[in-house]
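What follows is calculated from the coordinates using simple rules that are stated; it is not laboratory data. Because the structure is a prediction, the values reported are computed rather than measured. Glycine also receives a Cβ, built like all others from the backbone with ideal geometry; neighbour counts cover every protein chain displayed.
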Amino acid sequence: MLVLGIESTCDESAAAVMSEEGGLLSSVVRSQIGSHAAFGGVVPELASRMHLSYLPACVREALAASGKSLDDIGLVAVSSRPGLVGCLLVGSTLAKGLSMLLSLPLVTVDHLLGHLLSNDMAGDMAFPCVAGVFSGGNCNIYAGRSRLDWELLARTRDDAPGEAFDKVAKILGLPYPGGPAVDAFAAGHDGGGFALPSPLCPSLGGDFSFSGIKTAVLYHVRGMQGRVQLPKEQWPGLAASFQSAVADALSRRLVDAARETGCRHIYISGGVAANRKLRDTLQMKACEAGMLAAFPGIPLCMDNAAMIARAGLLLHASGVCSGLDEDVSSRSELGFVEKRPVTKDCTDRSKI
Ligand code: KG4
């Protein structure tokens, strides 16, 4: 049996074909970054319209690259939360259409579960573990008891780290998306030497807040609130200090969470997991604590449909099957205890 994965939560349209054993036959990602860059961020309406034209082509390309046809597909998996609702509706409508047309079972997937399981595609994940999803819209740390059993331990109270990278890049006059731009701009400046507020505030009980550090960068660049306006030559150092503070806060919280839950394995995923400083800092802190840190390769950190196919397969194997009436949502439910309806005969659409 093969699964067709479909992803459209934000600004990447993607499709993938995976075997029942988890072997990836194809993965196609069409990024919309070029179209949103002019606006300095993702424009939801534009993103939805672009999914409409990109997604069917992604599915065709993924099938062609796998050497398979729709007749070979036995399951359709689609991300249905969290994300931009208009974008989610495009992917979910396509998946439901295919499911109905071909009488295939459908499984809707929490995008964050997909990100967590992207670590499982490089090698088997070890459990129990602690894992973070750090992206443009999400900042969550989970305790993992098994591939489908996650408990939310910490989250952000405002921005996600990717969003903070994007906003800081804008302040520094760097292009969108800001993460890779800040990463490159800060290269060679190590810690940068600027004392910035940590996103890990003791008053938030282990949660994160990125508003203080973002504002501090703005004040340095503009010379506001009693600060001297920084000359442009010092901006790469400021970017390095911002990146170090974010990497330090995320890594410290992950190691603390692993210590508190008594596990040795730490994983990160999502676009920000591509950040070199974060990867290095986490490796170092985990090693000091006698723990093991791992992360997916860079392409799997970004939004993709392979991780959705993987999560869909596991959910389906555990008895989950989604109805055609299942809605999309901007919010994740992962870690608040998954309560999914189980339909015994997944191919009988009359029962759903
Ligand atoms: O997971 P993702 O592809 O999409 C979602 O947001 O769901 O993540 C995109 C985010 C963007 O905010 C981007 O700036 C950030 O990940 N990002 C990075 C890096 N590469 C991408 N942030 C920091 N360092 C990077 N190297």
Cα gyration tensor category, rounded, prolate or oblate, for segment 41-153 with a/c compared to 1.5: oblate
Derived scalar couplings ³J(HN,Hα) [segment 272-285; Karplus, 6.51 cos²θ - 1.76 cosθ + 1.60; whole Hz; x for Gly, Pro]: 5, 5, 7, 5, 5, 5, 5, 4, 5, 5, 5, 4, 5, 5
Relative contact order (%) - criterion: Cα under 8 Å, at least six apart; region: the chain: 23 percent
nm² value of the averaged projected area, convex hull over the Cα atoms of segment 259-337: 7.3 nm²
FRET efficiency estimate (nearest 0.05) - Cβ-Cβ, Asp325 to Lys170, R0 35 angstrom: 0.30
P(r) histogram, all alpha-carbon pairs of segment 1-40 included - 10 Å bins from 0, percent: 29, 39, 22, 9, 1
By average C-beta atoms within 10 angstrom, highest first, the peptides 263-273, 65-75: 263-273, 65-75
Surface/4 estimate of mean projected area, convex hull on alpha-carbon atoms of segment 261-301, nm²: 2.8 nm²
Lys pairs under 24 Å by Cα in the chain, provided they are eight or more residues apart or on distinct chains: 15
Phi-based couplings in Hz for segment 184-195 (Karplus 6.51, -1.76, 1.60; Gly and Pro marked x): 6, 4, 8, 4, x, 9, 6, x, x, x, 9, 8
Kirkwood hydrodynamic radius over Cα pairs of segment 44-93, then Stokes diffusion coefficient at 10 °C and 1.306 mPa s, in µm²/s: 133 µm²/s
Estimated D of segment 198-340 in µm² per second, where Rh is the Kirkwood radius over Cα pairs and Stokes-Einstein applies at 4 °C, 1.567 mPa s: 71 µm²/s
For segment 126-137, Karplus couplings with θ = phi - 60° (6.51, -1.76, 1.60), whole Hz, Gly/Pro x: 9, 10, x, 8, 10, 9, x, 10, 10, 9, x, x
Under 5 Å, built H, 5+ apart or other chain: amide partners of Leu2: Gly74, Leu75
Kirkwood Rh (inverse of mean 1/r, distinct Cα pairs), segment 233-272, angstrom: 11.8 Å
Kirkwood-Stokes translational diffusion coefficient of the chain, alpha-carbon pairs, 10 °C, 1.306 mPa s, µm²/s: 77 µm²/s
